[in-house]
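The values are calculated or read from the model by the stated rules, or taken from the named source; none is laboratory data. Here the structure is a predicted model, which means the values were calculated and not measured. When we count neighbours, we look across all protein chains shown, and the Cβ atoms used for this are built from the backbone with ideal geometry, even at glycine. Note: areas computed on protein heavy atoms with side chains; ligands, DNA, RNA excluded. Shrake-Rupley method; radii C 1.70, N 1.55, O 1.52, S 1.80 Å.
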Amino acid sequence: MTHVETECLVEIDGLRFGYGAAPVLDGITLQVAPGEVFAILGGNGAGKSTLLQLMLGLLRPQSGRVSVLGHDPARAPEPVRRGLAYVPESAAVYPHLTGIENLRYFLDLAGLRRDDEAIGAALARAGLQASAWHRRAGGYSKGMRQKLVLALAELRDVRLVLMDEPGSGLDPDADAQLATRIAAMRADGRGVVLVSHDPQAVAALADRFVFLAGGRVVRSGAGTDSALQDAASLRALYLPAGGAT
């Protein structure tokens, strides 16, 4: 299904959050539109993980506003969770279930019904080999587990996908397949948020980006920004990074 909504999927305005007196995020403002791949970049301790947790509703801002799919994710988690998928750095699946059984179980939890043909088609588009569909997921590699979660996101027909370090630990083939799936999500009108410490890895995927250092946006622009590929410019961006994740 192609999504045609025009309103912003994510709106963050003047967001501040910290632990005690130490600020982790200090005045973050950003927007993510439908059909846009948006990267949140920065080094260790820049505040990326905290920002992602706020978008998921796991934390509440101390000041400012977070809106995801038109709702405050901390105060109205259910409509947010129904409309987004989260792809963690290391996807957790049930090891004693096969790939297809995992998908059926998670779809049942979401109150959704998909026939075997639709499930198989989603797995194929995600790049998971048919020989693995009926194998127990306990023997899956990291890349295979990620493909399973990407297929689930498609089957749930969500409007927004949040990905935490999506390319970490993937081989070149799996990385290329991931890029293809992200491009397909963009073409389908879904919003995709990529959280990463590696600008060069996501520059080719992202339409726009923000670079965080010390809890603030120190640079923003299009994915084609030359600073994401230039070694000297990248070093300058990373130098002010610090704080807690």
task: Return the only residue of ALA92, ALA85 being open to solvent by 30 Å² or more (accessible area, probe 1.4 Å) and of a type in the set (A, V, I, L, M, F, W, C).
output: ALA92
- request: Search the range 15-35 for residues being hydrophobic (A, V, I, L, M, F, W, C) and open to solvent by 30 Å² or more (accessible area, probe 1.4 Å), and hand back the single one that is farthest from MET55 (Cα to Cα).
  value: ALA21
task: Scan the strands (runs of 3 or more DSSP E) fully inside the range 170-233 and keep the ones with 3 or more residues being closer than 21 Å to ALA153 by Cα.
output: 191-196
query: Does the range 102-124 hold any residues that are aliphatic (A, V, I, L, M) and open to solvent by 90 Å² or more (accessible area, probe 1.4 Å), and which are they?
result: LEU109
- request: Can you tell me which residue within the range 125-143, out of those that are open to solvent by less than 60 Å² (accessible area, probe 1.4 Å) and among the aliphatic types (A, V, I, L, M), is nearest to ALA183 (Cα to Cα)?
  value: ALA126
task: Kindly check whether there is at least one residue in the range 54-65 that is closer than 18 Å to VAL195 by Cβ, assigned to a helix (DSSP H, G or I), open to solvent by 20 Å² or more (accessible area, probe 1.4 Å) and at pLDDT 90 or above.
output: yes
message: The conditions are (1) touching a residue at least 24 places away in the same chain (Cβ under 8 Å); (2) over 17 Å from LEU150 (Cα atoms), and GLU78 fails exactly one of them. Which is it?
response: (1)
- prompt: Of these, ARG235, ARG216, ARG208, which one is open to solvent by 60 Å² or more (accessible area, probe 1.4 Å), modelled with pLDDT of 80 or more and either touching a Cys at 6+ places or on another chain (Cβ under 7 Å) or over 18 Å from SER49 (Cα atoms) (or both)?
  reply: ARG208
